[in-house]
Structures are given as structure tokens and as C-alpha cells.
Amino acid sequence: MPELMEIVPEGDTAKMRLNFHKGQWQAWLSLLRFILVLAGTQGGKTSFGPHWLYREISEQGPGDYIVVTPTFQLLELKALPEFKKVFEHTLRVGRYTGSPVRKFTFSEEGEIKTFGAKSEGGSHVYFGYAADPESLESATVKAAWLDEAGQKKFKLGSWEAVLRRLSLAQGRVLITTTPYDLGWLKQKLWDKWKAGQDDIEVVRFDSTENPNFPQEEFERARRDLPGWKFDLFYRAIFTRPAGLIYDSFKDEHKIPRFTIPDNWPRYLGLDFGGVNTAGLFYAEEPGTRRLFLYREYKAGGRTAKEHATALKKGEPMIPRCIGGSHSEDQWRSEFKHGGLPVGEPDIKDVEVGIDRVYGTHARNEILVFDDLHGYLEEKLTYSRELDDSGEPTEKIEDKETFHFMDAERYIIGWLRKTTQPVTFGRLRM
């Protein structure tokens, strides 16, 4: 089969020919602002990105652009070599430097070749990584390519930071990834595309859409892998991965926002932290056991009094608040002096709290406003680490980053001190 990119003679010169497969052509022809390419492993997603980006640069003109991967290591392993192959070795329009800032700078000749003339300020492609959203807060850019944005280290905050950088130019975004979980990528793009949002294009294809991918390898994966892993990594189909802790939380538990009556009882779960203090607000429907999650709060760099003031703002009453671990009495004392009394959780064991939340979901007793994206991102990625055979272990993956899940466990664990019989365990397969 021909290579994705070929240099072919044309008279006294040569030109580059792109041999895209069907899925790549669909993404190439899209005129929409947000293009999500969901592809099975080795399906041809990362190799497609640099070509799309160069065309976008040539159309949008001189300025700054960005490539973002989940981690620096992944940038070095996949996206950067593909980028340099196209921009440096084939097109020869500039040079990449890794220090002090990772960026590709168009040469004068490269700008003339790309735009027809030199620019005054120069043109660059910057490289960032999403594990640190603050690293993406910088200059305005005109377009972005995000590779493997479905990975857990590509945080919702990173996606929001990229959108801020694109906002002035209303720049286009190409996302090339395999789906890894049910987090923000599904919530913010796939689900909205399914609902008919008209500025999103989703292109999905199996690994075998790449004509160079062996059908025998595809069938081996189908035979040997768990169904969830095969669907995610070879078919690019969103599915619940093994180890997902709250698999009792379903799509039907998300509802559109409505105005909650002021007289409904209010509850607040808090997770303390100097950098991230997180809170979740629930209203209880009178006469039922149903709780409606209607507000999320996360902030840092504030005193306990400032947090308390912000948390109470707009609330019809001071909510019954439970928060912090048993060792965090000082936090509770400072919040009390700041005007928000915080009770101590009644349980110490994390797993007992998880089981109480799990059972509350299983009994359909928590409904969540569907615009609470921070909560939903955590809920649908909160997982056990997997062992070498792909089976869930007891250990929670990156537990220290799930502040909303801790806040929820404190308040729901306190509200559901006794639970009705529900079959669920610590390891949910």
C-alpha cells in the first residue's frame, strides 16, 4: 500500500501527494470548527495531524499556533516526530527548538512558501502538554491540534485553556485520539455532537480503516482482549472501562438544569485544600430520598473565611455541611469562625464511603444537573488501577486529584448512614 505522504514529480518540480484513507478524508473535508477524530490504535490519527495543521496555518495566515499532548513524553514519542517529518524534512518551512520554549519557527523562506510573503512578527507553532493546564495559558493562537486528548492526563482544565487561547481568533481545533474513558471528551464533544450541536464533526473509524493495519491483528485483539478494551482501543467506541468505580452512575442520572425551590433542604460536601478546596451542593426533594446536585465549587488561594463567603453566596439558606477527613479539625474550626459550620464525617474508611455513594446511585437517588462538567469529568474517570492482566486492583488511580469525589463521599456518606440492600463490591468488573 502507498505511504500516507509521497513526493511525486510534476514537470520540473515535485509535489506532495496525500494518500488519505476514508476516515482521514472525512476529517480533511470538514469545515466545522471542532473536529474530533476517534480512531483505533494505529488507525492513522497522529500522522494525519501535521497535514491538517499545515493547511490550517496556510489558510489562516501568519501568527501563532499550538500542538498539545497529554504529557511531554508523549509529545516526544509520537506527535513531535510526525510534525517534524512534515514541517522540517518534507516542507522545509522552518526549524524546531526545544529550549527555552518548545516551538517551531517559520523561516523567512518558509513564510513565503506558506503565505506568499514574509510577516512582521513571525509565525510559530508552540508545543504544550496538558498535564499542567497552566502551561497552556499564554498568547493568542489561531488553530490547535490536540493529540491523544482522550487520555486521563489531558484534563478538562487543559481543554478550557486551549479554548481561551483560541477565543479571539475563534480558531479551529483538530483532536486526534483513541477513547480511553468516559470523561470530558465524551461529555463536551461526543455527547453534544450526538445531540446535534452543529459546530462539531466526529469522525470514528476502526484500526483497520488504515489499509496497512493487518486484519489478522485486529481479529487477534478481538479474540484475546476483554470486550471493553477491544472496543476502546481497536474500534474507538466509547464504553465503560474496567475499574470504573461508579459504574452505577448512568446517563439517565444527568438532567437539564431547573430552578430548585428555595425551601428544599440543602447539603454541602467539602474537601479542604490550600490549592483546591472543592464543594458540592445538593438539594433534597421533600417527601422523597432524591438528591439533586445543582452546584460545584473549586477554588484555591483563599482563606477559610473567603471560601465560606463564596460558598454561601447565592444560597437560600446555610447548607448542612460535612467535610474533611477526621484529622482536619483545624480546617473545620477556621470555616466555623468564617461563618460556615462544617461537621465531621461519620466514617473513616474510604471504601465504606464509596459503597454508600455507589448504592445511592444504584437506587437512582442522585440526579445531577448536566452542566456540572467538573463533577461529571471526575465521576466518569474515577477508577481503580489495573494489574498486568487488566483486572482492577484495590488502589484508586491518582486518588489525590479527585477532589469532588472526596467531597461527595463526605456528604453522601453522612446522609446515607444506613443503606438498603444493593449488590455491589469494592471491585466492580
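All of the numbers you see were taken from the coordinates with simple rules; none came from a lab. Computed from a predicted model, the values in this text were never measured in an experiment. FYI the Cβ positions are ideal-geometry reconstructions off the backbone, even for glycines, and counts take in every protein chain you see.
In terms of the mean number of neighbouring beta-carbon atoms within 10 Å, the peptides 178-185, 21-28, 240-247 order highest first as 178-185, 240-247, 21-28.
Computed over the chain with a Gaussian network model linking Cα atoms closer than 10 Å, the most mobile of Thr177, Thr90, Thr69 is Thr90. Per-residue 3J(HN,Hα) values for the stretch 174-190, derived from phi via the Karplus relation 6.51 cos²θ - 1.76 cosθ + 1.60 with θ = phi - 60°, read 10, 10, 10, 6, 8, x, 10, 7, 10, x, 4, 4, 5, 5, 8, 10, 4 Hz in sequence order (x marks Gly and Pro). When the chain is treated as a Gaussian network with alpha carbon springs shorter than 10 Å, the biggest mean-square fluctuation among Glu377, Glu134, Glu120 belongs to Glu120.
Helical content alone sets the calculated 222 nm signal of the chain at -7500 deg cm²/dmol, taking -39,500 (n - 2.57) per DSSP H segment of four or more residues and averaging over every residue. All C-alpha to C-alpha distances of the stretch 251-415, sorted into 5 Å bins beginning at zero, yield P(r) values of 2, 8, 17, 22, 21, 15, 9, 3, 1, 1, 0 percent in whole numbers. On C-alpha positions alone, give me the angle between the axis of helix 403-415 and the longest principal axis of the chain, in degrees, nearest 10. It is inclined by approximately 20 degrees.
Distance from the Cα centroid of the stretch 273-318 to that of the stretch 18-87 is 41 Å (rounded to whole angstrom). Of [x] 23.9; [y] 21.8; [z] 23.1, which one was derived for Kirkwood radius over Cα pairs in Å from the structure shown? Of the listed options [x] 23.9; [y] 21.8; [z] 23.1, [x] comes from this structure.
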